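Taking it in order: structure first as structure tokens, then the write-up.
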Amino acid sequence: MFIQNLSGEQKAVFLYLAHEVALADGNISGKEQQMMSTFCAQIPGVEPKKCSLCDLAEVFESKRARVSAFLELAAIAQAESGVNEEERKFLDSLASAFGLSNYEVNDMLSWVVRQFNLFNEAQAFMED
């Protein structure tokens, strides 16, 4: 949804972070893998690029880029059945590296949950 807001380098780091958030609980679920595959399809030819937490603010230099990446990463964490404790710790580390406040993080996580609920509602409309 927001991946188009990222530069080429940011997309590469995003793919690395997507894998890390999905693996935060030690297991990449089918739904998390499906989301990551969708992201890869949206940015063909981009390979994941490892980046340390302390360097994230330099790579994602604008608030627009940081929030865009965070919302997409939070969606991966939410994909299976909600954000678990390990995923939340990882997201909190990212938020800190991005300079996001706890208030902003909680609002964004709430927004992601609402988007998942709306998506599921739309899917129900399409059922025969």
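The values are calculated or read from the model by the stated rules, or taken from the named source; none is laboratory data. What you are looking at is a predicted structure, and each value in this text was computed from that prediction instead of being measured. Every residue, glycine as well, gets a Cβ built from its backbone with ideal geometry; the counts of neighbours run over all protein chains shown.
Summary of computed values
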{"read-out": "Residue check, ALA24 among the small types (Gly, Ala, Ser) and in contact with a Lys or Arg (Cβ under 9 Å, 6 or more places away or on another chain)", "value": "yes"}
{"read-out": "Among residues of segment 68-91, those that are among the small types (Gly, Ala, Ser), crowded, with 21+ Cβ neighbours inside 10 Å and more than 20 Å from ASN120 (Cα to Cα), counted", "value": "1"}
{"read-out": "Number of the condition not met by PHE60 [criteria: (1) surrounded by 14 or more Cβ atoms within 10 Å (Cβ to Cβ); (2) out of contact with any Leu (no Cβ under 9 Å at 6 or more places or on another chain)]", "value": "(2)"}
{"read-out": "Residue identified as of a type in the set (A, V, I, L, M, F, W, C) and closer than 15 Å to LEU23 by Cα among VAL112, VAL59, VAL83, VAL105", "value": "VAL83"}
{"read-out": "Output for segment 1-54, where each listed residue is small (Gly, Ala, Ser) and under 15 Å from PHE90 (Cα atoms)", "value": "ALA18, ALA22, ALA24, GLY26, SER52"}
{"read-out": "Index of the failed condition, VAL21 passing every other in (1) more than 14 Å from GLU80 (Cα to Cα); (2) in contact with a helix residue (DSSP H, G or I) (Cβ under 6 Å, 6 or more places away or on another chain)", "value": "(1)"}
{"read-out": "Selection count where residues are closer than 18 Å to ILE3 by Cβ, touching a residue at least 40 places away in the same chain (Cβ under 8 Å) and in a helix (DSSP H, G or I), scope segment 75-128", "value": "11"}
{"read-out": "Evaluation of PHE39 against (1) touching a Leu at 6+ places or on another chain (Cβ under 7 Å); (2) hydrophobic (A, V, I, L, M, F, W, C); (3) touching a residue at least 40 places away in the same chain (Cβ under 8 Å) (one fails), failing number", "value": "(3)"}
{"read-out": "Criterion violated by ALA41 - all others in (1) closer than 18 Å to GLN4 by Cα; (2) more than 15 Å from the chain's Cα centre (by Cα); (3) modelled with pLDDT of 95 or more satisfied", "value": "(3)"}
